[in-house]
Amino acid sequence: MIIDAHVHLWNRMMLPNEAVKNYLEPLKNMDEELRKFFDFGLDNDIAFDDFSISAEELLKEMSMGGVDKAVILSTDFELLNDSELGNEEYTEMLFQECSVFDELIPFISVDPNRGEEGLRMVERMVKKYAPSGIKMYPATGFYPDKECYADYWDLIDDLGLVVLTHAGMALPPLDEKYCRPCFFRDVADSRPDLKVIIAHLGGKFYDELLPLMRDCSNVYTDCSALQGWLPSQPDMVHSRLSEVCGEFPDRVVFGSDFPNYEIRFSTLQFINLIRSGDWADDKVKKKLLGSNMARILGL
């Protein structure tokens, strides 16, 4: 079984407009001929306004890559005051769309900066949707280890939700200063039953990941966004996977970050690259590609 632990079904109206423009800014430097085929509307008030990914599109890509199940991650951007769709409305749409497909496992998302209302929102969503986990995005403006968020983490722990958190790079209005793995040390250490998955192998803060995992046995990581090294540096991907899986073969899970890298290096290509080479034996590769996440989710 292959489980993709890091997938997005974006709805353009829930994405912060400023962030979308900043992420697409490099496209302004594309050759004029290429830009004829890719009109992202960077000069419009709402750039890339027709962008969305449907469950049906995702399932086609999953079938091509042999992916059996995918964890669908939402993100609560509403407090940035720069998106057109509220968090609860987006969550309702996401869970409705995913509910008819056994292959899709949606997570909720609630920004802890909502305070007491955030706690109530988590409880409402868990009661309504019975999710397996929650997506955290510290770049919206919070240090996970601040004492003011203790009640939030206690609630998530009590509810038995798996936490998947972004780590690494973020562009304005998001702020990557909040996105370091080390900020989850106290969160994980004081709640040993809480499973925390650090996305992207920690991203640009990779050097903080292994020390954290050594000290906290309930911290995991996913390999999404390693495609940033591809296709030019496949050896770097194998090297990173070899180092992390070599030390923690039971605590690394596969993630594609779909659809962010599909044009550059598809999920199918990424899976084939992971399966290739002698960076690990087949047993470790199978754990990475599916069995570790199956165990985390209780599948």
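General observations
- Top-ranked residue in the range 159-172 [being at pLDDT 95 or above and aliphatic (A, V, I, L, M); ranked as surrounded by the most Cβ atoms within 10 Å (Cβ to Cβ)]: Ala167
- Residue, nearest to Ala294 (Cα to Cα), within the range 210-223, restricted to residues that are part of a loop (DSSP other than H, G, I, E, B), without any contact (Cβ under 8 Å) to a residue 60 or more places away in the chain and not hydroxyl-bearing (Ser, Thr, Tyr): Asn218
- Listed by position, the helices (runs of 4 or more DSSP H) inside the range 103-209 whose residues that are closer than 16 Å to Thr75 by Cβ and in contact with a Phe, Trp or Tyr (Cβ under 9 Å, 6 or more places away or on another chain) number at least 2 are 116-129.
- Extreme residue, farthest from Asn218 (Cα to Cα), among residues of the range 112-158 that are crowded, with 17+ Cβ neighbours inside 10 Å and among the aromatic types (Phe, Trp, Tyr): Tyr129
- Selection status of Leu273, not in a helix (DSSP H, G or I) and not basic (Lys, Arg): no
- Selection of the range 241-263 for residues being touching a Leu at 6+ places or on another chain (Cβ under 7 Å) and part of a loop (DSSP other than H, G, I, E, B) yields only Phe254.
- Where a residue in the range 85-100 is closer than 10 Å to Ala55 by Cβ and its partner, wherever it lies, is assigned to a helix (DSSP H, G or I) and modelled with pLDDT under 95, with Cβ under 7 Å and at least six apart: Glu97/Ala55; Cys98/Ala55
- Leading residue by the ranking (modelled with the highest pLDDT) among those in the range 224-240 that are closer than 27 Å to Ser74 by Cβ and assigned to a loop (DSSP other than H, G, I, E, B): Ser224
- Positions within the range 276-285 being in a helix (DSSP H, G or I) and out of contact with any helix residue (DSSP H, G or I) (no Cβ under 7 Å at 6 or more places or on another chain), in sequence order: Asp282, Lys283
- Within the range 273-293, the set of residues being under 20 Å from the mean Cα position of the chain (by Cα) and either polar (S, T, N, Q) or surrounded by fewer than 17 Cβ atoms within 10 Å (Cβ to Cβ) (or both) comprises Ser291, Asn292.
- Scanning the range 80-96 for residues that are out of contact with any Leu (no Cβ under 7 Å at 6 or more places or on another chain), surrounded by 15 or more Cβ atoms within 10 Å (Cβ to Cβ) and part of a helix (DSSP H, G or I) returns Leu80, Asn87, Glu88, Tyr90, Thr91, Met93, Phe95.
- Test: residue in the range 173-196 that is modelled with pLDDT under 95 and among the small types (Gly, Ala, Ser): no
- Filtering the range 215-225 for residues that are farther than 24 Å from Met1 by Cβ, out of contact with any Cys (no Cβ under 8 Å at 6 or more places or on another chain) and β-branched (Val, Ile, Thr) leaves an empty set.
- Filtered by the rule that a residue be over 14 Å from Val244 (Cα atoms), touching a Pro at 6+ places or on another chain (Cβ under 8 Å) and of a type in the set (A, V, I, L, M), the range 171-218 gives Leu174, Val187.
- Within this structure, Leu230 fails the test of being crowded, with 22+ Cβ neighbours inside 10 Å and not basic (Lys, Arg).
The values are calculated or read from the model by the stated rules, or taken from the named source; none is laboratory data. Not measured: the values here are computed from a predicted model. Because the Cβ atoms are built from the backbone with ideal geometry, glycine has one as well, and the counts that use them run over all protein chains shown.
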